Amino acid sequence: MGKTVMSVLLGIESSCDETAASVVKDGRIVLSSIVASQDDLHLEFGGVVPEIASRAHIERILPVIQEAMRKSKTKLEDLDAIAVGNRPGLIGSLLVGVTTAKALAWSLNKPLITVDHVVAHLWAPNLSGASIEYPALGIVVSGGHTSLLLLEDPTTVTCIAKTTDDAAGEAFDKAAAILGLGWPGGQRIDTAASRGKPVHWLPRPKTKGDRPDFSFSGLKTALLYGVRGTPRKIEGKTVFPRSADELSSDQKDDWACSFQHAAVDAIMNGVHHALSSNSVRCVVAGGGVLANSLLRTKLEEITTQFLVPVHLPESSYCVDNAAMIAGLGNYLYVNGHRSPLSSTASPRGIAS
Ligand code: KG4
Ligand code: ZN
């Protein structure tokens, strides 16, 4: 009997501030996954500066790819295809990955596969052995997206809800800034929340009509006013009665915990709404905010509430990585999909 030959793909990811490369076999077996974070470069600005991000990608992309190849013990000639996240994201950042992938595909004479970054987040649970059945409800919660998607298969996707203002990860980052906890804020709010109690009431935006869209700006403002008091205009300037520095660390922990409960409830309201009005065989989630302990717990509870399995990525595949790009790229590759070398990057994706 002939042996099944498994395809091996190199994945490249550069949509925001992580430069990543990964070699994945059969779309599920991660041979290497290298992620170079730029957190240190953007720290002093309290957010990602697009020009700094794209310049750093240019410096890091080749060493990151070389390291991914070395760790995977694979030669470039042995790859079956090159997959790259080409949308959505920061255009200057995306172009670095896309140009590198095109140059590699052309010079090695290998197929190029372009992949939607947000949809790739929902491939991530497969990297840890999940078996996703379709149709599925997809939940993407990251620094750039808060979307509910209906998936007929891994790449046939309809967006049924998205944020009308900030993404959830952005709201966590802003909440951490309000509390003076530093950047990036998600993990810092999570840690502070684990020591605190949800003693303050903060608004949970209600879903209106048929679409369970999200909104986080009201919650962020409520936290700001709760922590610093209601501002007044004095000589054209907004002046707050208090500063976050006046809070004790116990008080900060309680605000972080109250914020985390409100943000997670807002996400879960949308998820419950989507599950009540759509028939799906499982729930699959992805994105940096999936690292949040309370959100993971609440999503796991869905299994007993709605009797559908829930697939969450392991923590290293929640944040941006290239293994999810190579994995979804492999699905497209084995189904005969090829992208032309004229492919380019786009700030908008399938679900945005
Ligand atoms: O998916 P990701 O790496 O980047 C985008 O594609 O946007 O997500 C990054 C976001 C950041 O906003 C970060 O604060 C948030 O994920 N994050 C968290 C946690 N860890 C990371 N948010 C809440 N709780 C966490 N534990
Ligand atoms: Zn992402």
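Some notes on this structure:
- Residues in region 97-130 that are within 16 Å of ligand 1 (Cβ to nearest atom), over 14 Å from the mean Cα position of the chain (by Cα) and aliphatic (A, V, I, L, M): 115, 127.
- Residue in region 259-276 that is outside any helix (DSSP H, G or I) and within 28 Å of residue 187 (Cα to Cα) present: no
Here is a yes/no grid of residues against (1) open to solvent by 60 Å² or more (accessible area, probe 1.4 Å); (2) touching a Pro at 6+ places or on another chain (Cβ under 9 Å); (3) away from ligand 2 (no atom under 16 Å from the Cβ); (4) among the β-branched types (Val, Ile, Thr):
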{"residue": "188", "(1), (2), (3), (4)": "yes, no, yes, no"}
{"residue": "197", "(1), (2), (3), (4)": "yes, no, yes, no"}
{"residue": "210", "(1), (2), (3), (4)": "yes, no, yes, no"}
{"residue": "218", "(1), (2), (3), (4)": "no, yes, yes, no"}
{"residue": "234", "(1), (2), (3), (4)": "yes, no, yes, yes"}
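- Residues satisfying the stated conditions in region 279-300, i.e. assigned to a loop (DSSP other than H, G, I, E, B) and either without any contact (Cβ under 8 Å) to a residue 24 or more places away in the chain or in contact with a strand residue (DSSP E or B) (Cβ under 6 Å, 6 or more places away or on another chain) (or both): 280, 287
- Scan of region 47-62 for residues that are closer than 18 Å to residue 108 by Cα and open to solvent by 60 Å² or more (accessible area, probe 1.4 Å), ordered by number: 62
- Cross-chain or 6+ apart pairs with Cβ under 8 Å, region 77-102 first and over 19 Å from residue 119 (Cα atoms), then in a helix (DSSP H, G or I) and within 14 Å of ligand 1 (Cβ to nearest atom): 92/50; 92/53
- Looking across region 272-305, the residues that are surrounded by 13 or more Cβ atoms within 10 Å (Cβ to Cβ), modelled with pLDDT of 95 or more and β-branched (Val, Ile, Thr) come down to 280, 283, 284, 289.
- Candidate set: region 16-46, residues that are buried (at least 21 other Cβ atoms within 10 Å of the Cβ) and among the aliphatic types (A, V, I, L, M); chosen: the one farthest from residue 92 (Cα to Cα): 30
- Enumerated strands (runs of 3 or more DSSP E) restricted to region 66-178, each holding at least 1 residues that are open to solvent by 40 Å² or more (accessible area, probe 1.4 Å): 81-87, 146-153, 156-162
- Of the residues making up region 119-145, those that are within 16 Å of ligand 2 (Cβ to nearest atom) and modelled with pLDDT under 95 are 142, 143, 144, 145.
- Single residue of 228, 242, 232 found to be free of Cβ contacts under 8 Å to residues at least 60 places away in the same chain and in contact with a strand residue (DSSP E or B) (Cβ under 9 Å, 6 or more places away or on another chain): 232
- Residue in region 329-350 that is in a helix (DSSP H, G or I) and within 16 Å of ligand 2 (Cβ to nearest atom) present: yes
- Of the residues contained in region 145-168, one or more are found to be within 11 Å of ligand 1 (Cβ to nearest atom) and either charged (D, E, K, R) or out of contact with any strand residue (DSSP E or B) (no Cβ under 6 Å at 6 or more places or on another chain) (or both).
The values are calculated or read from the model by the stated rules, or taken from the named source; none is laboratory data. Given the structure is predicted, the values throughout are model-derived calculations rather than measurements. Methodologically, a virtual Cβ is constructed for each residue, glycine included, from the backbone with ideal geometry; neighbour enumeration extends over all protein chains shown. The protein model used for the area step is the full one, side chains on, heavy atoms only, and it has no ligands, DNA or RNA in it. Shrake-Rupley method; radii C 1.70, N 1.55, O 1.52, S 1.80 Å.
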